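Participant: My structure is below; once you've seen it, I'll send some questions.
The values are calculated or read from the model by the stated rules, or taken from the named source; none is laboratory data. Treat the numbers as computed from the prediction; the structure is a model and nothing was measured. Here the Cβ is made from the backbone with ideal geometry for all residues, glycine too, and neighbour counts use every protein chain on show.
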Amino acid sequence: MPKSRGRRRPKRQPRRPRRPQAVRPDLGDMEVWWRAMALADDAEARGDATGALEVMEAFPEGPDGRPFWRPTRVSNLLQVDMFGPMLPPWVFSRWICAQALQSLDPESRDRTQRALAHAVDIDDGAEVWSKEDPADAVWLMDHDWAYRQLFLYDLGGLASFVRRTASSALIASADSIHEWARSPMGAFRHLGTTTDTGSWVDVASDQTIVVPNIGSAVGLAPDDYVIGRIVPVRDGLMFESAPLPVQERTARLVAERPHDWCDALKAERSEPDGQPVVGGVRHDSLTTDVPDLLWHLALVPRDRVATGGDPEVVATAVARCLLEVAVQELEMGQDQRPYAEIDPWPCLAAAFTTPGVVEGLAAVATQADVATLQGLGGCLAEPAAAICLSVADALRDAA
């Protein structure tokens, strides 16, 4: 069973945590926190999630008394720390992408400013965002889908991080990361999902592509269109991160001219019935493309779990709800579900890769749940499948 190693989590983070700006200011009173950030970054670049978490535990709050570390970063490190051997190599590739985005490399300053300028332009920044406003710039860097794509791929941030910063051990644990760095933007039409796979049509080539069902299509209906980057992994192909839903006309423009995808998004905005791209908020999980809030809403009844209570009590209550939902879904089967409903399978996979949920599962699961966990292990996408089987094996061994 996955072990938490008795780790105390850093304190709960605010909704919009702070992040250092690309241009490093005079250290002053911030020196100790800049050094803490450097230590955490170095540990991550070595592939040492445990070491990075230890730095965060030593400096949980900034000089203003507020939580210092981004919640997504903490969550990702906890996943690697707890589930490490069960994680497929593509999770470590996503970890490298996340590290490249947060890199404080001085050579990234120009790249950051250029990515911000393009992202603001795509989102009609004259009315909504300002790259000169530190708060808006930080929000874009942490949340904007277009900024991530520009910084990592179009402007070479990922390739630079792999070449200059990531350790050989971290690169060796990842999956085709050099190919990821060269992956082009593409346009895809959603066909449908099974419990563990999703099928798409490449608009440019008309070829069908099958990827793991980690939620890349959650909320979409068949024949909806997205743009994103398909990358190679050990067992086939996948989206390097959650793709962006777009109109068909935008998808076809991107399929025709992949390198001009920014222009295609701006062209969509200028159409009389065009849709703004402001909704392109990304989800930076290592293991799933399903936001935490979505799987909570889809799987956990509000009257069953009281939010804001003791974390351990909440975790066990959530775990019990998930097991009950899993029993129902396994009995119902894949073919009886209306398309209008949220796909439960990637939601379950997302939930069972959440460290707090797995700790709650270890506390609440019994011998009666072994068959359910084995059933999930046989139908969910990785790494959720391996995690469920690990818990089932631990329960059976304890009998």
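Participant: For the stretch 351-360, check the following and say yes or no: at least one residue is under 24 Å from residue 238 (Cα atoms) and small (Gly, Ala, Ser).
Facilitator: Yes.
Participant: Select from the stretch 49-99 the residues that are closer than 29 Å to residue 159 by Cβ and among the charged types (D, E, K, R) and write down the one among them that is farthest from the chain's Cα centre (by Cα).
Facilitator: Only one residue tops the list, namely 81.
Participant: Here is a further query. Can you run down the residue pairs with Cβ atoms below 7 Å, 6 or more apart or on separate chains, where the first is in the stretch 141-163 and surrounded by fewer than 23 Cβ atoms within 10 Å (Cβ to Cβ) and the partner is part of a strand (DSSP E or B)?
Facilitator: Close Cβ pairs (under 7 Å, with a partner that is part of a strand (DSSP E or B)) amount to 143/281.
Participant: Which of the residues spanning the stretch 27-67 are part of a loop (DSSP other than H, G, I, E, B) and either outside the structural domain of residue 92 (by TED's automatic domain parsing) or farther than 18 Å from residue 95 by Cα (or both)?
Facilitator: If the condition is that a residue be part of a loop (DSSP other than H, G, I, E, B) and either outside the structural domain of residue 92 (by TED's automatic domain parsing) or farther than 18 Å from residue 95 by Cα (or both), then 27, 59, 60, 62, 63, 64, 65, 66 are the ones that fit.
Participant: Which number in (1) touching an Asp or Glu at 6+ places or on another chain (Cβ under 8 Å); (2) modelled with pLDDT under 90; (3) crowded, with 18+ Cβ neighbours inside 10 Å marks the one condition that residue 104 misses?
Facilitator: Exception for residue 104: condition (3).
Participant: Taking residue 326 as the residue in question, decide whether it is under 15 Å from the mean Cα position of the chain (by Cα) and at pLDDT 95 or above.
Facilitator: no
Participant: Any residue at all in the stretch 233-249 that's hydroxyl-bearing (Ser, Thr, Tyr), crowded, with 17+ Cβ neighbours inside 10 Å, outside the structural domain of residue 192 (by TED's automatic domain parsing) and in contact (Cβ under 8 Å) with a residue 40 or more places away in the chain? Give the derivation first.
Facilitator: Initially, the stretch 233-249 is screened for residues hydroxyl-bearing (Ser, Thr, Tyr), giving 241.
From the residues that got through so far, the ones that are crowded, with 17+ Cβ neighbours inside 10 Å too are 241.
After this cut, where a residue has to be outside the structural domain of residue 192 (by TED's automatic domain parsing) as well, the list is none.
Looking through the stretch 233-249, none of the residues is hydroxyl-bearing (Ser, Thr, Tyr), crowded, with 17+ Cβ neighbours inside 10 Å, outside the structural domain of residue 192 (by TED's automatic domain parsing) and in contact (Cβ under 8 Å) with a residue 40 or more places away in the chain.
Participant: Also: Which is surrounded by fewer than 15 Cβ atoms within 10 Å (Cβ to Cβ) and not aromatic (Phe, Trp, Tyr), of 71, 67, 63, 88?
Facilitator: The match here is 63.
Participant: Moving to a separate point now. Suppose we filter the stretch 351-373 for residues that are buried (at least 19 other Cβ atoms within 10 Å of the Cβ) and touching a Leu at 6+ places or on another chain (Cβ under 8 Å); how many remain?
Facilitator: Residues meeting the conditions: 9.
Participant: Taking interchain pairs and intrachain pairs at least six residues apart, which have beta carbon atoms under 6 angstrom, with the first residue in the stretch 321-343 and loosely packed, with under 10 Cβ neighbours inside 10 Å and the second at pLDDT 75 or above?
Facilitator: 339/221
Participant: Go through the stretch 203-228 and count every residue that is out of contact with any helix residue (DSSP H, G or I) (no Cβ under 7 Å at 6 or more places or on another chain) and in contact (Cβ under 8 Å) with a residue 40 or more places away in the chain.
Facilitator: Matching residues across the stretch 203-228 total 7.
Participant: A further question follows. Can you report the number of residues in the stretch 136-161 which are within 19 Å of residue 73 (Cβ to Cβ) and not acidic (Asp, Glu)?
Facilitator: Total satisfying the criteria: 14.
Participant: Could you tell me which residue of the stretch 354-381 is farthest from residue 75 (Cα to Cα), considering only residues that are of a type outside the set (Gly, Ala, Ser) and not in a helix (DSSP H, G or I)?
Facilitator: 366
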